[in-house]
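Below you'll find the structure, written out as C-alpha cells, and then a few comments.
The values are calculated or read from the model by the stated rules, or taken from the named source; none is laboratory data. What you see is a predicted model, and the numbers here were worked out from it, not measured in a lab. Reconstructed Cβ throughout: ideal geometry from the backbone, glycine too, with neighbour counts over all protein chains shown. Areas reflect the complete protein model, heavy atoms only, side chains present, ligands, DNA and RNA absent. Shrake-Rupley method; radii C 1.70, N 1.55, O 1.52, S 1.80 Å.
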Amino acid sequence: MTENTCIEYFSNKGTDISTSEDSRTIKKSDVSTSNSFGSVNINSMDKGIYKWTIKVNKVSNDSSMFDAIGVEMENKITSITSKDTIALGVTSDTSSLFLAFNHFCGDKNSFNYGYWSDGQKQNKGWQDIYGKPFTTNDIITIKLDTFNKTIEFFHNNTSQGISDNIECSKDICYRLAIFMRGKDDSVTIQKFEKIYLSQDLMHQIKLLKARNTELLDQLYNHEEEEKNNNTEDLVKKMGDLKLEIDRLEKEKEVEKRRFILTYQAETELIRKNKGLQREIESLTKEKHGYEKEKHGYEKKLNEFKSQRLLITVALGSFVLLRYFKLI
C-alpha cells in the first residue's frame, strides 16, 4: 500500500458563489444554479480509495424560483423540489460549470454520481431513492473506490450503502462536484484522504476473492454428494481465508494510520520551511542594508584620505617656503 498527500480545495466555482480564504468553503449568495469542483483530479485507473469529508454548513430550502422545473429523460421524469437544493458527488466532466439549470449529475454525456439533500441519488440524470436526507450541520463522506469500482456515501458516519458501480477506463478521471441553488447554501471540505493499493496487495486480494469464490462454488456443487467428507474441509479453508482477509484489512488500517501521521508530519515540515524562508528573506534584507552602510562608510573614508593628502601637501609646501626664507 502506498500513500500520497494532497490538499483538496475548490478550484472551480459557478455563479453567485463565494469562497473562503483557503478555498475549502463555498457559499451561495443568490438563488441560481451553480456547480463547483474540487482541485484533485483522480485517474480511474489509479487503484485506490478516495474519501472526501464534507460539512454541510447550510441547506437553505429556499428555491421557490425553481420548484416547477422538471427534466424529462427517456420517458422518465425527474423533478427538482425545494428539498434538493444541494447535491454532493463526483463527475468526469467539469464543463457544466456555468450552464444554466444544469446540475453535474444530470449530464447524460459524462460519468457522474450524486447524493441529493432530499436523500435521492442520481447518475447521468436518473434519480432513485437512496439514503437519508441531509440538512444543515450534517457531515457527508464520499467514498470513491476505484479498485472495487464503487461509490458510497456516508451520512454522519453511517453508510447509506453502495450508490453505484462506477465506470473506469484510462480516459476517465473524476473530481469532487458540488451543486447548489438556494441562497446561503454552503459546504466545507473538512478532510480529503487517498490511499493507493500496491500491486502486490491488489493481487493478493484478487487471488483471495477468486479462491473464495472457487470454494463457494465447490461447496455448492458438492453439498449433497460429499456432504460428510468435503464440506468440513471446505468450511475450514473458507474460515482460514476469512482470517487472512481480516489480517489484510487490519494491515490496511495500520497503513492508513501511518499515512495520516506522515501527512501531518509533512504538513508541519512545510510550515516550518515557509517560516525559515521568511527568516532568510529578512536576513537578506538586513545584509543589503549593512552593505549599503558599508559602502557609505568607505566613501567617507576615501574623502577623508583625499583631504588628508591635500593637507599633507599644503603643509610640505609651507615648510619649504619657510626654509628658503630663512636661508
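Modelled with pLDDT of 95 or more, closer than 30 Å to Asp22 by Cα and either open to solvent by 70 Å² or more (accessible area, probe 1.4 Å) or of a type in the set (Phe, Trp, Tyr) (or both), is that true of Phe153?
Spelling it out, Phe153 is indeed modelled with pLDDT of 95 or more, closer than 30 Å to Asp22 by Cα and either open to solvent by 70 Å² or more (accessible area, probe 1.4 Å) or of a type in the set (Phe, Trp, Tyr) (or both).
Scanning region 248-293 for residues being in contact with a strand residue (DSSP E or B) (Cβ under 9 Å, 6 or more places away or on another chain) and of a type in the set (Ser, Thr, Tyr) gives a total of 2.
Within region 100-121, the set of residues being aromatic (Phe, Trp, Tyr) and either on the phi > 0 side of the Ramachandran plot or modelled with pLDDT under 90 (or both) comprises Phe101, Phe104. Taking the criterion of being among the polar types (S, T, N, Q) and surrounded by fewer than 18 Cβ atoms within 10 Å (Cβ to Cβ), the residues of region 17-35 that qualify are Ser18, Thr19, Ser20, Ser23, Ser29.
Only residues that are assigned to a strand (DSSP E or B) and either in contact with a Gly (Cβ under 7 Å, 6 or more places away or on another chain) or under 20 Å from Thr94 (Cβ atoms) (or both): list them for region 164-187, please. Residues satisfying the conditions are Asp164, Cys173, Tyr174, Arg175, Leu176, Ala177, Ile178, Phe179, Met180, Val187.
When you look at Thr262, is it touching an Asp or Glu at 6+ places or on another chain (Cβ under 7 Å), among the β-branched types (Val, Ile, Thr) and closer than 30 Å to Phe192 by Cβ, yes or no?
yes
Does region 92-114 include one or more residues that are under 18 Å from Val56 (Cα atoms), aliphatic (A, V, I, L, M) and in contact with a strand residue (DSSP E or B) (Cβ under 6 Å, 6 or more places away or on another chain)? No, because not a single residue in region 92-114 is under 18 Å from Val56 (Cα atoms), aliphatic (A, V, I, L, M) and in contact with a strand residue (DSSP E or B) (Cβ under 6 Å, 6 or more places away or on another chain).
If the condition is being more than 22 Å from Lys252 (Cβ to Cβ), open to solvent by less than 40 Å² (accessible area, probe 1.4 Å) and outside any strand (DSSP E or B), then region 131-150 contributes Gly131, Phe134, Asp138.
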